[in-house]
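Asker: Below is a structure I'd like to ask you about.
The values are calculated or read from the model by the stated rules, or taken from the named source; none is laboratory data. All of these numbers come straight from a predicted model, not from anything done at the bench. Quick reminder, even Gly has a Cβ in these numbers, built from the backbone with ideal geometry, and neighbours come from all protein chains shown. Surface accessibility is based on the protein's heavy atoms, side chains included, excluding ligands, DNA and RNA. Shrake-Rupley method; radii C 1.70, N 1.55, O 1.52, S 1.80 Å.
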Amino acid sequence: MTKKQCSLFSILFLCAKCAMVNAQSTDLFRLEYLRIPENNTGINTSRYRALVNVPLKINQNDYLILGAEYNEFDIEFRKETPFNKDEIEQLHIADFNLGYITKWNENWRLVGIVTPRLASNLKGGISSDDLFFNATASLWKEVKDVEKPFRIVLGFAFNSTTGIPIPLPLVSYYRRFHPKWSYTLGIPRANFRYHISDRHTLQLALLLDGYFINVQDDIELPDNKVGSRISLSALVATLWYQYNINKNMSFYANFGRSLILDSTLRDDNRNDVFLLNNEANLFLRGGFRISIF
(Lines give C-alpha, C1' and ligand atoms only; values in the text may rest on other atoms or scores of the structure.)
Protein backbone atom coordinates (compact mmCIF):
# COMPACT_ATOMS: atom_id res chain seq x y z
CA MET A 1 0.00 0.00 0.00
CA THR A 2 1.52 3.33 -1.07
CA LYS A 3 1.76 6.37 1.18
CA LYS A 4 -0.85 8.14 -0.96
CA GLN A 5 -3.23 5.17 -0.68
CA CYS A 6 -2.68 4.99 3.09
CA SER A 7 -3.49 8.69 3.44
CA LEU A 8 -6.67 8.33 1.38
CA PHE A 9 -7.77 5.31 3.38
CA SER A 10 -7.17 7.17 6.65
CA ILE A 11 -9.39 10.05 5.52
CA LEU A 12 -12.14 7.68 4.40
CA PHE A 13 -11.79 5.69 7.63
CA LEU A 14 -12.14 8.72 9.87
CA CYS A 15 -15.18 9.94 7.96
CA ALA A 16 -16.92 6.57 7.98
CA LYS A 17 -16.12 5.33 11.48
CA CYS A 18 -16.74 8.60 13.28
CA ALA A 19 -19.97 9.20 11.40
CA MET A 20 -21.47 5.77 12.09
CA VAL A 21 -20.23 4.46 15.41
CA ASN A 22 -22.85 6.11 17.64
CA ALA A 23 -25.69 5.17 15.33
CA GLN A 24 -24.86 1.46 15.41
CA SER A 25 -23.97 1.08 19.09
CA THR A 26 -26.79 -0.54 21.07
CA ASP A 27 -24.77 -1.42 24.19
CA LEU A 28 -25.95 -0.50 27.66
CA PHE A 29 -22.74 -1.83 29.24
CA ARG A 30 -19.47 -3.21 27.84
CA LEU A 31 -16.06 -4.26 29.12
CA GLU A 32 -13.53 -5.18 26.43
CA TYR A 33 -9.85 -5.95 25.94
CA LEU A 34 -8.14 -5.68 22.56
CA ARG A 35 -4.62 -6.85 21.76
CA ILE A 36 -2.76 -5.92 18.57
CA PRO A 37 0.44 -7.97 18.86
CA GLU A 38 3.84 -7.02 17.52
CA ASN A 39 4.56 -7.34 13.81
CA ASN A 40 7.71 -6.44 11.85
CA THR A 41 7.46 -2.80 12.96
CA GLY A 42 8.08 -3.82 16.58
CA ILE A 43 4.89 -2.15 17.87
CA ASN A 44 2.27 -3.87 20.00
CA THR A 45 -0.87 -2.28 21.42
CA SER A 46 -3.35 -3.07 24.19
CA ARG A 47 -6.71 -1.32 24.52
CA TYR A 48 -8.94 -1.37 27.60
CA ARG A 49 -12.51 -0.25 26.96
CA ALA A 50 -15.44 0.44 29.31
CA LEU A 51 -18.85 1.76 28.27
CA VAL A 52 -22.14 2.47 30.00
CA ASN A 53 -25.38 3.97 28.66
CA VAL A 54 -28.41 4.55 30.92
CA PRO A 55 -31.86 5.04 29.31
CA LEU A 56 -34.23 7.20 31.37
CA LYS A 57 -37.90 6.94 30.47
CA ILE A 58 -39.54 10.36 30.25
CA ASN A 59 -42.99 9.23 29.09
CA GLN A 60 -44.58 6.47 27.03
CA ASN A 61 -42.66 7.30 23.85
CA ASP A 62 -39.60 9.33 24.91
CA TYR A 63 -36.27 8.34 26.47
CA LEU A 64 -33.24 10.33 27.59
CA ILE A 65 -29.90 8.51 27.23
CA LEU A 66 -26.96 9.37 29.49
CA GLY A 67 -23.69 7.57 28.90
CA ALA A 68 -19.91 7.52 28.85
CA GLU A 69 -17.12 5.48 27.26
CA TYR A 70 -13.45 5.29 28.17
CA ASN A 71 -10.60 3.79 26.12
CA GLU A 72 -6.98 3.47 27.25
CA PHE A 73 -4.30 2.51 24.72
CA ASP A 74 -0.95 1.15 25.95
CA ILE A 75 1.60 1.10 23.13
CA GLU A 76 4.98 -0.63 23.37
CA PHE A 77 7.82 0.02 20.93
CA ARG A 78 10.37 -2.81 20.65
CA LYS A 79 12.53 -1.01 18.06
CA GLU A 80 14.32 2.31 18.11
CA THR A 81 12.53 5.32 16.62
CA PRO A 82 13.89 8.73 15.56
CA PHE A 83 11.66 10.54 18.07
CA ASN A 84 10.67 10.52 21.74
CA LYS A 85 8.30 7.55 22.20
CA ASP A 86 7.26 8.57 25.74
CA GLU A 87 4.66 10.98 24.38
CA ILE A 88 2.58 8.25 22.72
CA GLU A 89 3.08 5.17 24.92
CA GLN A 90 -0.24 5.77 26.72
CA LEU A 91 -3.28 7.37 25.08
CA HIS A 92 -6.79 8.13 26.34
CA ILE A 93 -10.24 8.66 24.83
CA ALA A 94 -13.27 9.62 26.94
CA ASP A 95 -16.71 10.13 25.40
CA PHE A 96 -19.77 11.57 27.12
CA ASN A 97 -23.09 10.72 25.47
CA LEU A 98 -26.35 12.65 25.71
CA GLY A 99 -29.12 11.16 23.60
CA TYR A 100 -32.85 11.51 23.05
CA ILE A 101 -35.20 8.93 21.53
CA THR A 102 -38.78 9.74 20.57
CA LYS A 103 -41.51 8.13 18.48
CA TRP A 104 -41.54 9.80 15.06
CA ASN A 105 -44.61 7.90 13.81
CA GLU A 106 -46.04 4.39 13.96
CA ASN A 107 -43.02 2.91 12.17
CA TRP A 108 -40.03 5.10 12.99
CA ARG A 109 -38.22 6.43 16.06
CA LEU A 110 -36.06 9.56 15.97
CA VAL A 111 -32.66 9.29 17.69
CA GLY A 112 -30.40 12.26 18.42
CA ILE A 113 -27.01 11.95 20.15
CA VAL A 114 -24.36 14.55 21.02
CA THR A 115 -20.95 13.28 22.14
CA PRO A 116 -18.25 15.61 23.47
CA ARG A 117 -14.91 13.76 23.32
CA LEU A 118 -11.58 14.04 25.11
CA ALA A 119 -8.78 12.38 23.11
CA SER A 120 -5.24 12.98 24.38
CA ASN A 121 -2.02 11.58 25.78
CA LEU A 122 -2.76 13.74 28.88
CA LYS A 123 0.83 14.64 29.63
CA GLY A 124 -0.06 18.06 31.04
CA GLY A 125 -3.68 18.34 32.12
CA ILE A 126 -6.39 19.07 29.54
CA SER A 127 -6.02 21.56 26.68
CA SER A 128 -8.51 22.81 24.08
CA ASP A 129 -6.79 20.69 21.40
CA ASP A 130 -7.79 17.56 23.35
CA LEU A 131 -11.50 18.27 22.88
CA PHE A 132 -13.64 17.13 19.95
CA PHE A 133 -17.36 17.05 19.22
CA ASN A 134 -19.56 14.39 17.61
CA ALA A 135 -23.29 14.40 16.87
CA THR A 136 -25.73 12.10 15.08
CA ALA A 137 -29.39 12.32 14.11
CA SER A 138 -31.12 9.26 12.69
CA LEU A 139 -34.42 7.52 12.08
CA TRP A 140 -34.71 3.99 13.46
CA LYS A 141 -37.22 1.36 12.30
CA GLU A 142 -37.45 -2.14 13.76
CA VAL A 143 -39.91 -4.90 12.88
CA LYS A 144 -39.67 -7.89 15.27
CA ASP A 145 -42.82 -10.01 15.19
CA VAL A 146 -42.56 -11.24 11.61
CA GLU A 147 -41.05 -14.27 9.90
CA LYS A 148 -37.96 -12.28 8.81
CA PRO A 149 -37.38 -9.47 11.36
CA PHE A 150 -35.29 -6.48 10.32
CA ARG A 151 -33.92 -3.17 11.56
CA ILE A 152 -32.82 -0.11 9.59
CA VAL A 153 -31.10 3.13 10.63
CA LEU A 154 -30.97 6.18 8.33
CA GLY A 155 -29.50 9.54 9.24
CA PHE A 156 -26.63 11.99 9.32
CA ALA A 157 -23.62 12.51 11.56
CA PHE A 158 -21.04 15.19 12.25
CA ASN A 159 -17.61 14.57 13.74
CA SER A 160 -14.92 17.19 14.30
CA THR A 161 -12.04 14.69 13.92
CA THR A 162 -12.79 14.09 10.23
CA GLY A 163 -11.83 17.59 9.17
CA ILE A 164 -14.96 17.75 6.98
CA PRO A 165 -17.31 20.44 8.39
CA ILE A 166 -20.51 18.90 6.97
CA PRO A 167 -22.88 16.17 8.17
CA LEU A 168 -22.15 12.76 6.63
CA PRO A 169 -24.86 10.24 5.69
CA LEU A 170 -25.21 7.00 7.65
CA VAL A 171 -27.03 3.74 6.90
CA SER A 172 -27.27 0.44 8.79
CA TYR A 173 -29.47 -2.54 7.87
CA TYR A 174 -30.03 -5.79 9.82
CA ARG A 175 -32.12 -8.78 8.74
CA ARG A 176 -32.81 -12.22 10.24
CA PHE A 177 -33.65 -14.02 6.99
CA HIS A 178 -33.65 -17.55 8.49
CA PRO A 179 -34.10 -18.87 12.06
CA LYS A 180 -30.36 -19.61 12.16
CA TRP A 181 -28.94 -16.93 9.84
CA SER A 182 -28.79 -13.13 9.89
CA TYR A 183 -26.66 -10.30 8.50
CA THR A 184 -25.90 -6.63 9.08
CA LEU A 185 -24.78 -4.20 6.39
CA GLY A 186 -23.32 -0.88 7.48
CA ILE A 187 -20.31 1.04 8.75
CA PRO A 188 -18.32 0.59 10.99
CA ARG A 189 -19.47 -3.07 10.92
CA ALA A 190 -20.88 -5.59 8.49
CA ASN A 191 -21.40 -9.21 9.56
CA PHE A 192 -22.92 -12.55 8.66
CA ARG A 193 -24.13 -14.61 11.64
CA TYR A 194 -24.91 -18.26 12.24
CA HIS A 195 -27.13 -18.73 15.30
CA ILE A 196 -26.11 -22.22 16.44
CA SER A 197 -28.56 -22.09 19.34
CA ASP A 198 -29.97 -19.55 21.79
CA ARG A 199 -26.65 -19.79 23.67
CA HIS A 200 -24.05 -19.87 20.89
CA THR A 201 -23.48 -17.59 17.90
CA LEU A 202 -20.73 -17.53 15.26
CA GLN A 203 -20.16 -14.68 12.86
CA LEU A 204 -17.84 -13.43 10.17
CA ALA A 205 -17.44 -9.67 10.43
CA LEU A 206 -15.77 -6.84 8.57
CA LEU A 207 -15.24 -3.79 10.76
CA LEU A 208 -13.40 -0.50 11.10
CA ASP A 209 -11.29 0.18 14.15
CA GLY A 210 -8.85 2.86 15.30
CA TYR A 211 -8.49 6.29 16.84
CA PHE A 212 -7.50 9.94 16.30
CA ILE A 213 -5.80 11.50 19.35
CA ASN A 214 -4.09 14.78 20.21
CA VAL A 215 -0.44 14.75 21.35
CA GLN A 216 -0.01 17.63 23.79
CA ASP A 217 3.76 18.04 23.58
CA ASP A 218 4.68 18.11 19.92
CA ILE A 219 7.00 15.35 18.72
CA GLU A 220 10.07 16.57 16.83
CA LEU A 221 10.73 14.45 13.75
CA PRO A 222 13.45 14.32 11.10
CA ASP A 223 13.38 16.94 8.32
CA ASN A 224 12.06 19.55 10.79
CA LYS A 225 8.61 18.00 10.83
CA VAL A 226 6.41 18.01 13.93
CA GLY A 227 3.87 15.41 15.03
CA SER A 228 0.92 16.73 17.04
CA ARG A 229 -1.68 13.99 16.39
CA ILE A 230 -1.58 10.21 16.22
CA SER A 231 -4.08 8.09 14.33
CA LEU A 232 -4.71 4.40 13.72
CA SER A 233 -7.02 3.30 10.90
CA ALA A 234 -7.75 -0.37 10.27
CA LEU A 235 -10.14 -2.46 8.20
CA VAL A 236 -10.33 -5.81 10.01
CA ALA A 237 -11.81 -9.19 9.01
CA THR A 238 -12.74 -11.28 12.06
CA LEU A 239 -14.15 -14.63 13.14
CA TRP A 240 -16.38 -13.99 16.15
CA TYR A 241 -17.82 -16.31 18.83
CA GLN A 242 -20.50 -15.17 21.26
CA TYR A 243 -21.89 -16.99 24.29
CA ASN A 244 -25.33 -15.65 25.16
CA ILE A 245 -26.18 -15.72 28.86
CA ASN A 246 -29.67 -14.49 27.94
CA LYS A 247 -31.22 -12.34 25.22
CA ASN A 248 -29.31 -9.22 26.26
CA MET A 249 -26.14 -10.40 28.07
CA SER A 250 -23.20 -12.15 26.44
CA PHE A 251 -19.48 -12.93 26.51
CA TYR A 252 -17.58 -12.75 23.23
CA ALA A 253 -14.17 -13.39 21.71
CA ASN A 254 -12.86 -12.87 18.21
CA PHE A 255 -9.78 -13.45 16.13
CA GLY A 256 -9.14 -10.94 13.35
CA ARG A 257 -6.56 -9.73 10.88
CA SER A 258 -6.29 -6.31 9.31
CA LEU A 259 -6.85 -6.12 5.57
CA ILE A 260 -5.70 -2.48 5.54
CA LEU A 261 -3.85 -0.70 8.35
CA ASP A 262 -2.37 2.78 8.67
CA SER A 263 -0.84 4.11 11.90
CA THR A 264 0.52 7.61 11.44
CA LEU A 265 1.80 10.72 13.20
CA ARG A 266 0.16 13.88 11.85
CA ASP A 267 0.78 17.61 12.07
CA ASP A 268 -1.64 20.37 13.13
CA ASN A 269 -3.19 20.32 9.65
CA ARG A 270 -3.68 16.53 9.89
CA ASN A 271 -1.12 15.84 7.19
CA ASP A 272 0.91 12.63 7.48
CA VAL A 273 4.40 13.33 8.83
CA PHE A 274 5.62 9.90 10.01
CA LEU A 275 4.36 6.41 9.19
CA LEU A 276 4.45 4.14 12.25
CA ASN A 277 2.88 0.98 10.86
CA ASN A 278 1.15 -0.12 7.66
CA GLU A 279 1.73 -3.87 7.87
CA ALA A 280 -1.00 -6.44 8.45
CA ASN A 281 -1.68 -7.17 12.12
CA LEU A 282 -3.67 -9.60 14.22
CA PHE A 283 -6.56 -8.15 16.26
CA LEU A 284 -7.45 -10.29 19.31
CA ARG A 285 -10.51 -9.19 21.25
CA GLY A 286 -12.71 -10.37 24.09
CA GLY A 287 -15.27 -8.96 26.48
CA PHE A 288 -18.67 -8.86 28.12
CA ARG A 289 -21.67 -6.80 27.00
CA ILE A 290 -25.25 -6.00 27.85
CA SER A 291 -27.15 -4.67 24.84
CA ILE A 292 -30.65 -3.67 23.84
CA PHE A 293 -30.82 -6.71 21.57
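Asker: How would you order 93-101, 238-246 from highest to lowest mean count of nearby Cβ atoms within 10 Å? Intermediate results must be reported in sequence, preceding the final value.
Answerer: Details: 93-101: 17.2, 238-246: 14.8.
So the order, starting with the most tightly packed, is 93-101, 238-246.
Asker: Another question, if that's okay. DSSP loop (so not H, G, I, E, B), at most 12 other Cβ within 10 Å: list which trypsin sites (Lys or Arg not before Pro) in the stretch 195-245 pass both filters.
Answerer: Numbers: sites: R199, K225, R229; in loops: R199, K225.
Answer in residue order: R199.
Asker: From largest accessible area down, sort Y70, Y183; use a 1.4 Å probe on the protein chains.
Answerer: Details: Y70 85, Y183 55 Å².
From most exposed to least exposed: Y70, Y183.
Asker: Could you tell me the calculated FRET efficiency between S197 and L259, based on Cβ-Cβ distance and R0 = 35 angstrom, to the nearest 0.05?
Answerer: On the way: r = 30 Å, r/R0 = 0.87.
So, using R0 = 35 Å, E works out to roughly 0.70.
Asker: Right, here's the next one. When the Cα atoms of the stretch 211-293 are enclosed in a convex hull and the volume is divided per residue, what value in Å³ results?
Answerer: Values: hull volume 10.2 nm³, N = 83.
Roughly 123 Å³ of hull volume per residue.
Asker: Using just the helices of the chain, give the 222 nm mean residue ellipticity in deg cm²/dmol: DSSP H runs with n ≥ 4 each add -39,500 (n - 2.57), and the total is spread over all residues, rounded to 500.
Answerer: On the way: 1 runs with 22 residues, N = 293.
-2500 deg cm²/dmol, from helical runs alone.
Asker: With the chain treated as a Gaussian network of Cα nodes joined by springs under 10 Å, which of P222, P169, P188 yields the largest mean-square fluctuation?
Answerer: Maximum among the listed residues: P222.
Asker: Follow-up. Please report the orientation-averaged projected area of the stretch 111-244, defined via the convex hull of its C-alpha atoms, in nm². Working shown, then result.
Answerer: Numbers: hull surface 45.0 nm².
Its Cα hull, projected and averaged over all orientations, spans 11.2 nm².
Asker: While we're on this one: Using +1 on the beta carbon of Lys and Arg, -1 on that of Asp and Glu, and nothing else charged, what's the dipole of the chain about the Cα centre, debye to 20? Intermediate results must be reported in sequence, preceding the final value.
Answerer: Details: 33 positive and 30 negative charges, 311 e Å.
Approximately 1500 debye in magnitude.
Asker: Of all the accessible heavy-atom surface of the stretch 143-186, with the other protein chains kept in place and a 1.4 Å probe, what percent is carbon and sulfur?
Answerer: Values: 1740 of 2600 Å².
The computed percentage sits at 67.
Asker: Right, next: For the chain, what does the relative contact order come out to in percent, with C-alpha contacts under 8 Å and a separation of six or more? All intermediate terms of the calculation are to be shown ahead of the outcome.
Answerer: Numbers: 788 pairs, mean separation 51.4, N = 293.
For the chain, the relative contact order is 18 percent.
Asker: What translational D, rounded to a whole number of µm²/s, comes out for the chain from Stokes-Einstein when the hydrodynamic radius is the Kirkwood one over Cα pairs, at 20 °C and 1.002 mPa s?
Answerer: Values: Rh = 20.1 Å.
The diffusion coefficient I find is 106 µm²/s.
Asker: Still on this structure, please answer the following. Report the full-extension gain for the segment F83 to L110: residue separation times 0.36 nm, less the Cα-Cα distance, to one decimal in nm. Show your work: numbers first, answer last.
Answerer: Details: separation 27, 0.36 × 27 = 9.72 nm, distance 4.78 nm.
Gain on stretching F83 to L110: 4.9 nm.
Asker: Give the range of the longest stretch in the chain that excludes all GluC sites (Glu not before Pro) found in loop regions by DSSP and having at most 11 other beta-carbon atoms within 10 Å. Write out the running numbers ahead of the final one.
Answerer: On the way: sites that count: E80, E106, E147.
It works out to 148-293.
Asker: Looking at the stretch 62-117 from every direction and averaging, what is the projected area of its Cα convex hull in nm²?
Answerer: Details: hull surface 23.7 nm².
That works out to 5.9 nm², a quarter of the Cα hull's surface.
Asker: Now for a separate question. Please give the net charge around D198, taking every other residue with its beta carbon less than 12 angstrom from that of D198, where Lys and Arg add +1 and Asp and Glu add -1.
Answerer: Working: positive: K180, R199, K247; negative: none.
Its environment carries a net charge of +3.
Asker: Quick query: amide H of F274 versus all other amide H atoms, modeled in the peptide plane; which residues come in under 5 Å with a sequence gap of 5 or more or a different chain?
Answerer: L265
Asker: Here is a follow-up. Taking the Cβ of P149 as the center, what net charge do the other residues with Cβ under 9 Å away carry, scoring Lys and Arg +1 and Asp and Glu -1?
Answerer: Working: positive: K144, K148, R151, R175, R176; negative: E142, D145, E147.
Local charge sum for P149: +2.
Asker: Related question: Run the numbers for V171 and Y241: contour at 0.36 nm per residue of separation, minus the present Cα-Cα distance, in nm.
Answerer: Details: separation 70, 0.36 × 70 = 25.20 nm, distance 2.51 nm.
Gain on extension, V171 to Y241, equals 22.7 nm.
Asker: Which whole-Hz ³J(HN,Hα) couplings does the stretch 172-177 yield from phi under the Karplus relation 6.51 cos²θ - 1.76 cosθ + 1.60, θ = phi - 60°, glycine and proline marked x?
Answerer: 3J(HN,Hα) across the stretch 172-177, in whole Hz: 9, 9, 10, 8, 9, 8.
Asker: Also, I was wondering about something else. At 1.4 Å probe radius, can you tell me the per residue accessible area of the stretch 146-244 in Å²?
Answerer: On a per-residue basis, the stretch 146-244 sits at 49 Å².
Asker: Related question: In the stretch 249-293, what percent of the accessible surface is made up of carbon and sulfur (1.4 Å probe, ligands and nucleic acids excluded)? Spell out each step's value before the answer.
Answerer: On the way: 1170 of 1960 Å².
Exposed carbon and sulfur together represent 60 percent of the surface.
Asker: May I pose another question? Please report the spacing between the Cα centers of the stretch 109-125 and the stretch 198-270 in Å, no decimals.
Answerer: Cα centroid of the stretch 109-125 versus Cα centroid of the stretch 198-270: 17 Å apart.
Asker: Just subtract the alpha-carbon distance of Q216 and K144 from 0.36 nm times their residue separation and send over the number in nm, one decimal.
Answerer: Numbers: separation 72, 0.36 × 72 = 25.92 nm, distance 4.79 nm.
In short, 21.1 nm is gained.
Asker: Another question, if that's okay. In Å and from the alpha-carbon atoms only, list the Rg and Dmax of the stretch 22-177.
Answerer: 19.3, 61
Asker: Just add up the charged neighbours of A68: K/R +1, D/E -1, any other residue whose Cβ is under 15 Å from the Cβ of A68.
Answerer: On the way: positive: R30, R49, R117; negative: D27, E32, E69, E72, D95.
Here the count lands on -2.
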